[in-house]
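The values are calculated or read from the model by the stated rules, or taken from the named source; none is laboratory data. It should be emphasised that the depicted structure is a prediction, and the values quoted were computed from it without experimental measurement. When we count neighbours, we look across all protein chains shown, and the Cβ atoms used for this are built from the backbone with ideal geometry, even at glycine.
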Amino acid sequence: MNETLKKYLITGGIAVGIGIGIILLAFLWLRFFTNHGEEFSVPDFRGLTIPEVTKLAEEHNLNFRVSDVVYSAPGKPGAVVEQIPPKDFMVKENRTIFLTIKSLKAEQVPMPSLTKVSLYQAKADIGSNFLRIGKLIYRPSKTENLVLDQQINGKSIAVGEMVPKGTKIDLVLGKKRGMDKTHIPDLIGLSLTDAEFKAAGLFINLGKVNYDETVISYEDSTTATVRRQTPAKNTKVSAGAEVKIWMSMMSDNDSTETPKH
């Protein structure tokens, strides 16, 4: 082998070696300094506003997309109420996180006319207008269970006035003398909306709504059912009395009527 050829082979070998070295160094830099390809747990975006989400997503090299907006949900308006994947789920960088946001402004519906109709008709009208049953307030009257007034937070609300979907409407009802007793219905296994309507049908107010440790997200709160109630079913009470309920994601087979504590 002549000296010229030998020189070219050595030079080429050095060039190839340098090229391979550069590639290896680049790979190692990505591997050890940027954790490229490694999985990490998703942070908790719930309760954060969009600017806060943007900052946190950038810190973790994640993308996000608002996939849904809800009007009636726990938490502050404009904040995240649910995320997919959930917190602590293992993902790689650049993964897109889908978020459900609570709307800054609730969708509005016109207030229906509920006065001078029976409680049963008022219940139907409330449901068909995407509203909810609130408190039942009884006043002495010659008519029994006829709606005398429709209120929101103690103030009369006019027919046609725009109110947010899901608003609780309090009904002022007539109460004849002697109309004093009713009984607590069995609410076990019912959704919150069904429990409200069933209680109202027996002239009972739904009191404090509690959620146990199995309810951890907004979606859970919409599908949870009554696991416990107090007073127990068939307890005799005065019209307008309250029944407290405990909501859970547990099956009806695990339910009991009264709380352990």
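Of note, Lys244 satisfies the criterion of being at pLDDT 90 or above and surrounded by 14 or more Cβ atoms within 10 Å (Cβ to Cβ).
When Lys175 is tested against (1) surrounded by fewer than 17 Cβ atoms within 10 Å (Cβ to Cβ); (2) touching a residue at least 40 places away in the same chain (Cβ under 8 Å), just one condition goes unmet, and that condition is (1). Kindly establish whether Arg65 is over 21 Å from Phe197 (Cβ atoms), of a type outside the set (Ser, Thr, Tyr), assigned by TED's automatic domain parsing to the domain that holds Ala200 and part of a strand (DSSP E or B). No: the conditions fail for Arg65. For Leu136, the conditions (1) surrounded by 14 or more Cβ atoms within 10 Å (Cβ to Cβ); (2) in the same structural domain as Leu48 (by TED's automatic domain parsing) all hold with the exception of (2). Only residues that are closer than 17 Å to Thr143 by Cα and either touching a Gly at 6+ places or on another chain (Cβ under 7 Å) or not assigned by TED's automatic domain parsing to the domain that holds Pro140 (or both): list them for the stretch 172-205, please. Listed by number, the list holds a single entry, Phe203. Taking the stretch 219-244 as the range and being farther than 20 Å from Leu119 by Cβ and part of a strand (DSSP E or B) as the test, the residues that pass are Thr225, Val226, Arg227, Arg228, Gln229, Thr230, Lys244.
Is it true that some residue in the stretch 54-72 is over 14 Å from the mean Cα position of the chain (by Cα) and among the β-branched types (Val, Ile, Thr)? Checked against the condition, which is being over 14 Å from the mean Cα position of the chain (by Cα) and among the β-branched types (Val, Ile, Thr), the stretch 54-72 yields at least one hit. Restricting the search to strands (runs of 3 or more DSSP E) fully inside the stretch 82-196 and requiring at least 1 residues that are out of contact with any Ser or Thr (no Cβ under 8 Å at 6 or more places or on another chain) gives 96-102, 108-110, 132-140, 147-152, 162-164, 168-175.
Within the stretch 74-93, the set of residues being at pLDDT 90 or above and out of contact with any helix residue (DSSP H, G or I) (no Cβ under 7 Å at 6 or more places or on another chain) comprises just one member, Ala79.
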